[in-house]
Each structure stands twice: as C-alpha cells, then as structure tokens.
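J.: Below are the structure tokens for one structure; questions will follow.
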Amino acid sequence: MNNKKRYKLDVIRAFSAKPRSKKGQITIFIILGILMLLALVLVIALKKEVISFKTEEIIPTEKGKVENFITTCMDQVGEDALLIIGSQGGYIKISEDSLNDANYGLKISPIHTVPFWASGPNVNVPSILLIKERIDTYIEENLRPCLFDLEAFQESYDLIEKSDITANTEIVESKVIFNVHWDVEVRNKGGEVVSEVINHVTENPAKLKRLHKLAERIIEKEMDTLKLEDLTQDLIALEHPKVPAAGMTLSCNKKTWSVKEAEETLLELVRVNLRQLRIKDTDVVEFPTNYYPAYEDGLTYYDNHYVWDLGDDYADSDVNVIFNFDSSFPYVFAVTPVSGSKLKSSSLGGAEQLSFLCIQSWKFTYDLMYPVTVNLRDETTGYNFNMAFTVHLVANQPSRGNPESRPSYMFPTETLEDYCVQRKVPMTVKTYEFVENGQGVAYTEDLDEVDVEFSCLQYQCEIGKTEYDYAGLGYAGFSTNFPYCVGGILRGTKDSYKEDWQRVVTKDGQEVELNLIPTIKVPLSKIKIVKHELFIGGDLLFGNAESATQDELALITMKLQPWNYSEKEITHDINFVRSSGLSDQFLEDQKVELMAKADFTYDVEVHVFNEEEFVGGYKGEWTVPWNKLENVNEIIFHTITKKNPNEDEMVELMLGLKEHSLILPKPEVK
C-alpha cells in the first residue's frame, strides 16, 4: 500500500517539478515549430485547385487489361464530348425546336449548328457548371456502349454492373479531369472473377475553362460596347465606290449605284475586315511596321479599331481568337432610298437662274444584320472552342434592339421537300476519275454512276446519278435544274472513290466538275506485322522476322506525302490497329483504304505494344507499288525490337526509331 502511494506521489512530482535546464524548453519549441510548419503545408495542399481520386481496384488480377479497356473508352468518350462542346459553343444536344428557331443559332451545315450566345438583346451564355453537367451526362450515356463495342473485350470478358455510371467532370484551368464511379465486376469466359474496378479517372489537356472565360468576356464587352456594330458602321463610312453613304459632287449627271453590288461589296468588306479583329494580349500577329517606316510609331487606327481591349485584368498569349463572317451565312440587308435596283443621287440647281450650277447629293442608310462565329484556339493543345452571336446595324446605327420586331435573317423555314422541288436553275455536272501522284502520273477520265447531292444550309437534296455520254454530249454527267442557293455544296460520291465537293452559287448555265480519286480497300486480315531483333555491333544488324504475339497490338498510321503539281490539294490519312487477338470476322470486315491506280508515297509509323509497354516499331517512307497492290494477297510491315531490354535501351530504341528503321526492309506487298 505504501508503495502505491509513493508511486502516485512520484508521478505528481514528475509533472509538477520545475525543469532543471532550458534545454527542455527549447526542445518543446522546436517540436511546436515543426507541427506549425506541417499544418501550414497541409493547409496549402488542401487549397490546391485539383484533387483527383486514384483508381481503386479490388482483386487486381488482369488489372492492366481491364482498366485499360475502361480508361480507353473514357478517353474516347470524354474527348468526343469536348469536341462537340467546343464545336457547338458549350452544347452537346440541340433540340429540333431550337434547330428551327432563327434566333437560336447559326446553322453552318445540315449537321452543325452553333448556338448564339447573344441574339439581339438576349444573352444566353452556358455556364461552366452547365457544361460540366452536359459532359457528365454524355459520359454516363456513352461509356457503356463504348466498352461493349470493343470486340476484344467482349470476346475475353463478361461484365456485371454493381452500380450505375456516375460521372464527375472537373473543368480546371489547365485541363479537364474525368472522374467516373462505376462498380463493375469483370469475369472471364470461365466465370471466374478477374477484376472488380470501382473508381476511374483520366484527363484531357483541353483548356476549356480558359477558353470559356474568354468567350464569356467577349460577349460581355460586345453587349456593353457594340464593338462589331461600330466596325460595321466604320466600313460603311469608308465611302467605298460601290457602297455610297453620303456626299455631293458638282455635276448635272445623276450618279447611280447597283443595289446588288452595294450588298455584295459591303458583305465582302465585313468578311475580310472582321478576320483582322484581334483580342489584345492574346496570340496576336503584330503588324510589320518595320516594312513601313511611316508607321514606326504605331498604327493608331488599327490599334484603336482592330485590337480589342477586353480589360487590364485579361491576358492570355497562348490563345488565338478569330472572328468570321461568310456571305453564305444568312443575313438581312436593306438600303434606302432605292429606285428599283438602283441607288440614285438627287439633283440640286440646274434650272433657270442656277442653270450653270448642278449639284448631285446623296445620303443612304443601311440595315445589316448578320451572324458572326468566334473561334478560340488554345495554341498549346490545339483545342478549339466556337461560339456565335449576331450583329445589328439599323439605319447606319448600332442597335441590337428586339430581334422579334425585325424580319428573320434565316432562310424561310420551309420543309426539305418544299425546298428541293423548287429546282429552277439549270446547271451541268460533269464527273471524272482523277489520278495524280506527284511522280509523273496525272490524268482524268470520265466517271459515271456518281451519286450527286446538293446541300444548302439545313437542306440536302438528292440530285441524281451521272451517266456516260449523257444525252449524246460525250461526257459523264447530266444537266438538270437546281434549287437556288448563294452558298451551296455540290458533292459526288461513289464506292471505292474519295468523295469530292465544290462550293457553288447556283446560276443559269453554270458547269461544275467533280473529280473523284480512286481507292482500294484491303481487309485487315491481309495485314501482317513482323518483328526483327536489333543487334548493335558485329556484321548482323537485325534478326529473322517473327510474327507479333497474341498479346501484342500494333498502331499503324500512314500519311500521304504532299506535292505541288496539282492545284487540287490532295490529302489522305490512314489510321488502323492490327492485333492477333481480334476475331477473324472483324479482321475481314475492317478495311484499310489506300490510294489506287498509281504509286503513292506515304509517311509510315508503326508502334507495337505489349499491353501498355512499347516493344518495337517502324518509321519511314514507303512508296506503294500499284502493280502489286491491285492483286494484293498480303501486306507485311517490318518492325524493329529488342529482346529483354532495360529501360535505357527501350528509350534509345523509341527515340532512334527512324534511324533504326533504315536497316529494315520497307513494307512489302505480296
């Protein structure tokens, strides 16, 4: 009992005793300082903008393959969502009612509408939160179909969903992060659980938030300052010889101008000059004043009118902004006073006492309402974001007013059938097979059985099929009537040919030529990937050819080399995947489309992966021999690899792929 009491007293004494020296106090302060520093670091970490959740896996067998299938689909679906969002000004789905509403958006093509962020006095800017929700919905609707469409996944696994798909997209300054919660159990075909994955994350470098912020600022400034209305007003005030505004001259002869020429010229002035408008402190190409010494102190007019200052708090040198108007866009143009199809001056004097003095005076007022598209491009990633708004000039004065009080600047909302039957403009279409390879082969021949379509904004009309020696006139084509359109697209298609199209303003007697380039389609089953081991040193440079294994996948890209012999720009890019793990039916159905009827040269890159690791490849140019390609049995791509490489050797192989490929045989056609 005494021992217990003594122990208690000793404990109390130990806590109540005074320190014997100052060292203990110093130690306590050091510990407190460290704790405060750690607390500060923790606070800073918690204030960081991005917090992402790492993927969780339970039973991580087959982890790489299964998770790669899901993240690959997330990448694809997420990128698709961003492309649609960028193309359509923050929208993914546009209702049919909105598509037919003249005040809703600009219908650039039958399948592409850019909604207006500002139409007349009305502003409708989709918030970044709303855009995030639209991306979430798109991922939730399309992730599952994407995964199920991967035939390689379906052949190897069965998927059991334990939860719905819940997407949570984070749109931050430097990128977009896709977080998905989807609890799925993956089983092999034997019924064994090989993986259960729950949370998934991937990201895209698109700087959507920064572009959206700039687009929103442009709309705010336009509504506040009517910048584009002012520019349009200035273009009228320039007194172009074909766009009279106000003036007088000593003459007894009336001055006249064509209303149609005034309209076309003003639209062209708007089209050309709007493209010169730039946003201050963005990726602006400076005017080369060193070539014009008179302007070395600056271009005051240009700086004041065509460099748009959005405020001192905005600057982003990585963004390029382009404003665009095209005369094919729907618009409203009116000018008063008019006399029939002419603008005429008024005469003063020239009678009785003032017969010796004749004065011609004029004053015309213009109404011009037109849509503008704005393309914002992040030069660091190449991501594009579009939006549109309307510009309103009434009686030469900027006035957004109420769009409902004015006539719509869209085409009449007639039906497709109504538009396509109003074919009153006779034109001739001729179709040719066009072959040119930049290596001495160049010819055109009549080509029949080409399906011809004509598009004008939202209308798409089937015109007909071309014939040989049409009506005994000695060419492949036809003559028929077309609907009227100031900015139509005439398109020709035929199986085993690259389609051709021409922009057309329909007018009586016009001839339009369509040149289709022949192609040949080779099934993936006839594509073979072989590997050669790289040897460094000695006489032997590479080993014998070995076929790619079941676990290996090859990504092949082929890009047609350009040349300058033809006025027609010819491009042809080919991308495909070859793997022994794909089904025979899939390999037979999928085709690689190559240029035909001449030898064409491509830049070729092949990258071979085993799961996610690079194991070999090829990089070089290849001229495909047509005499062998037209009766092809097999195309062999040779790649270089190295067995059991260490990390440095694999990096060296990847960086030196083009140099190492020089020792290999070029791709072969057998």
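The values are calculated or read from the model by the stated rules, or taken from the named source; none is laboratory data. On a predicted model such as this, the values are computed, not experimentally measured, just so you know. Positions of Cβ are backbone-derived with ideal geometry, glycine not excepted, and every protein chain shown enters the neighbour counts.
J.: Kindly establish whether T202 is without any contact (Cβ under 8 Å) to a residue 12 or more places away in the chain, among the β-branched types (V, I, T) and either loosely packed, with under 15 Cβ neighbours inside 10 Å or outside the structural domain of S317 (by TED's automatic domain parsing) (or both).
T.: When the stated conditions are applied, T202 does not pass them.
J.: Among the residues of the stretch 255-272, are any assigned by TED's automatic domain parsing to the domain that holds P398, under 30 Å from P121 (Cβ atoms), free of Cβ contacts under 8 Å to residues at least 24 places away in the same chain and within 30 Å of the chain's Cα centre (by Cα)?
T.: First, the residues of the stretch 255-272 that are assigned by TED's automatic domain parsing to the domain that holds P398: 255-272.
Filter again for under 30 Å from P121 (Cβ atoms), leaving 259, 262-272.
Okay, now just the ones that are also free of Cβ contacts under 8 Å to residues at least 24 places away in the same chain, so 272.
Narrowing further to those that are within 30 Å of the chain's Cα centre (by Cα): 272.
Within the stretch 255-272, one or more residues are assigned by TED's automatic domain parsing to the domain that holds P398, under 30 Å from P121 (Cβ atoms), free of Cβ contacts under 8 Å to residues at least 24 places away in the same chain and within 30 Å of the chain's Cα centre (by Cα).
J.: Taking the condition surrounded by 15 or more Cβ atoms within 10 Å (Cβ to Cβ), under 36 Å from the mean Cα position of the chain (by Cα) and basic (K, R), does K507 pass?
T.: Answer is no for this residue.
J.: Within the set of pairs 6 or more residues apart or between chains, which connect a residue that is in the same structural domain as G488 (by TED's automatic domain parsing) and under 15 Å from W563 (Cβ atoms) inside the stretch 438-458 to a residue that is of a type in the set (V, I, T) and at pLDDT 90 or above with Cβ atoms less than 9 Å apart?
T.: G438/T601; Q439/T601; Q439/T623; V441/V435; A442/V435
J.: What residue, of I574, I570, I529, I556, is part of a loop (DSSP other than H, G, I, E, B), touching a residue at least 12 places away in the same chain (Cβ under 8 Å) and either small (G, A, S) or under 20 Å from E621 (Cα atoms) (or both)?
T.: I570
J.: Count, please, the residues in the stretch 484-497 that happen to be modelled with pLDDT of 85 or more and buried (at least 18 other Cβ atoms within 10 Å of the Cβ).
T.: 5
J.: Determine, yes or no, whether F385 is modelled with pLDDT of 90 or more and under 30 Å from L250 (Cα atoms).
T.: It is false that F385 is modelled with pLDDT of 90 or more and under 30 Å from L250 (Cα atoms).
J.: Among the residues of the stretch 311-362, which ones are in a strand (DSSP E or B), at pLDDT below 85 and among the aromatic types (F, W, Y)?
T.: Listed by number, the list is empty, since nothing qualifies.
J.: Counting only residues that are surrounded by 12 or more Cβ atoms within 10 Å (Cβ to Cβ) and free of Cβ contacts under 8 Å to residues at least 40 places away in the same chain, which one in the stretch 577-598 is farthest from H532 (Cα to Cα)?
T.: V577
J.: Before we move on, is L42 surrounded by fewer than 17 Cβ atoms within 10 Å (Cβ to Cβ), at pLDDT below 75 and of a type in the set (A, V, I, L, M, F, W, C)?
T.: yes
J.: Confirm whether V372 is touching a helix residue (DSSP H, G or I) at 6+ places or on another chain (Cβ under 9 Å) and either at pLDDT 90 or above or assigned by TED's automatic domain parsing to the domain that holds L266 (or both).
T.: Answer is yes for this residue.
J.: Could I ask something else about it? Based on what the data block shows, is V624 surrounded by 20 or more Cβ atoms within 10 Å (Cβ to Cβ) and either touching a Gly at 6+ places or on another chain (Cβ under 6 Å) or assigned by TED's automatic domain parsing to the domain that holds Q439 (or both)?
T.: It is false that V624 is surrounded by 20 or more Cβ atoms within 10 Å (Cβ to Cβ) and either touching a Gly at 6+ places or on another chain (Cβ under 6 Å) or assigned by TED's automatic domain parsing to the domain that holds Q439 (or both).
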